[in-house]
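Since the structure comes first, as structure tokens, the remarks are kept for the end.
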């Protein structure tokens, strides 16, 4: 298309476009049809239009664009399996245009309308039973119908150029199936087009629509089992639950022996979590019991020196006392402690032989390593 001033000719730079991606959905095998409607977006090359006007003697130009319109498409297709379909249809992307005001005084108005046919291969990715995403790639056969007019100093030599061309088309979308036959689709597509005045550009369309699947069958209802014949039952006997009385408090005096290996690591006096649980149980048993004194005695085995074992057994007894006082709430004045260096073993003299410290000897003497807690008092 060309427009002229008194002494020149100017090639009109028409319309260019840009796009954005989105997503689509899955269907069962078979034929389907549907329709989408949404917004079409074009990018008009104002800089190129202004440059062309300046080259033809216009000192300046102010341009306003109309780069949005409503577009729609009607389509049908066949899905071969859960991941692939072929789809074709008719589209109308709408109309876009611009208005340029020039110096010397004049105006140039241009518009383009785009519609045509498309054929796409559609790849489908099911996400859930009802929801899926898809992508498409194909070709569009678009007709570009342009219209140009000028006033004042601007003259248009070819006011209505048009062109039909085949170009690439791509898109992404998502789809949600309300029922086996009806689904909602949302997608973004990009159409490559020729604008009938020597330029190529892209038109993006963002749309939503409905898809109807022919021959879709609702899931077969689960057959209900026949209701059984009523059976007359004799009334159930009344059962009276007998709640056992709570256990009586412990009889005093009471002596509890705890394994040192369950309370402490070997050769250590810091209490383990398992030992804390055993002492918590003892404190619960003493709840509500009146006692005069609690004696905590730490025992070691015969391995090691007398001084070392006395210190270790005493420290262990004091650790148990501190836990009962600080955590279990036992009065500090009612607990005494002492340490024993292995002088009162539980094992018999012939049970654990040998003087060399080995793993076998340590395991054999395990019953001797203990903490005894004796509670004396009256209920």
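The values are calculated or read from the model by the stated rules, or taken from the named source; none is laboratory data. Keep in mind that what you see is a predicted model, and the values were worked out from it rather than measured. Cβ sites come from the backbone with ideal geometry, for glycine too, and all protein chains shown count toward neighbours.
The residue list 77, 94, 88 contains one member that is at positive phi and in a strand (DSSP E or B), which is 94.
Can you confirm whether residue 256 is within 30 Å of residue 374 (Cα to Cα) and modelled with pLDDT of 85 or more? Yes. For segment 144-160, the condition holds for no residue, the condition being that it is over 29 Å from residue 103 (Cα atoms), assigned by TED's automatic domain parsing to the domain that holds residue 126, surrounded by fewer than 18 Cβ atoms within 10 Å (Cβ to Cβ) and touching a residue at least 24 places away in the same chain (Cβ under 8 Å).
Do the conditions hold for residue 113, that is, is it over 22 Å from residue 189 (Cβ atoms), touching a strand residue (DSSP E or B) at 6+ places or on another chain (Cβ under 7 Å) and either surrounded by 14 or more Cβ atoms within 10 Å (Cβ to Cβ) or not assigned by TED's automatic domain parsing to the domain that holds residue 167 (or both)? Considered against the rule, which asks whether it is over 22 Å from residue 189 (Cβ atoms), touching a strand residue (DSSP E or B) at 6+ places or on another chain (Cβ under 7 Å) and either surrounded by 14 or more Cβ atoms within 10 Å (Cβ to Cβ) or not assigned by TED's automatic domain parsing to the domain that holds residue 167 (or both), residue 113 comes out as no.
Taking the conditions (1) in contact with a helix residue (DSSP H, G or I) (Cβ under 8 Å, 6 or more places away or on another chain); (2) outside any strand (DSSP E or B) in turn, residue 314 satisfies each one other than (1).
Annotation: of all residues in segment 68-100 being more than 30 Å from residue 212 (Cα to Cα) and crowded, with 18+ Cβ neighbours inside 10 Å, the one that is modelled with the highest pLDDT is 96. Is it true that some residue in segment 10-31 is in the same structural domain as residue 113 (by TED's automatic domain parsing), surrounded by fewer than 18 Cβ atoms within 10 Å (Cβ to Cβ), modelled with pLDDT of 85 or more and in a strand (DSSP E or B)? Within segment 10-31, one or more residues are in the same structural domain as residue 113 (by TED's automatic domain parsing), surrounded by fewer than 18 Cβ atoms within 10 Å (Cβ to Cβ), modelled with pLDDT of 85 or more and in a strand (DSSP E or B).
Within segment 303-322, the residues that satisfy the criterion of being under 20 Å from residue 283 (Cα atoms) and either surrounded by fewer than 19 Cβ atoms within 10 Å (Cβ to Cβ) or out of contact with any strand residue (DSSP E or B) (no Cβ under 7 Å at 6 or more places or on another chain) (or both) are 318, 322. Filtering 122, 188, 197 for residues that are assigned by TED's automatic domain parsing to the domain that holds residue 58, in a loop (DSSP other than H, G, I, E, B) and crowded, with 19+ Cβ neighbours inside 10 Å leaves a single hit, 197. Quick one: how many residues across segment 268-296 are in a loop (DSSP other than H, G, I, E, B) and surrounded by fewer than 18 Cβ atoms within 10 Å (Cβ to Cβ)? Of the residues in that region, 8 qualify. Applying the selection to segment 325-379, what residues are surrounded by 11 or more Cβ atoms within 10 Å (Cβ to Cβ), under 15 Å from residue 286 (Cβ atoms) and out of contact with any helix residue (DSSP H, G or I) (no Cβ under 6 Å at 6 or more places or on another chain)? Selection gives 327, 334, 373, 374, 375, 376, 377, 379.
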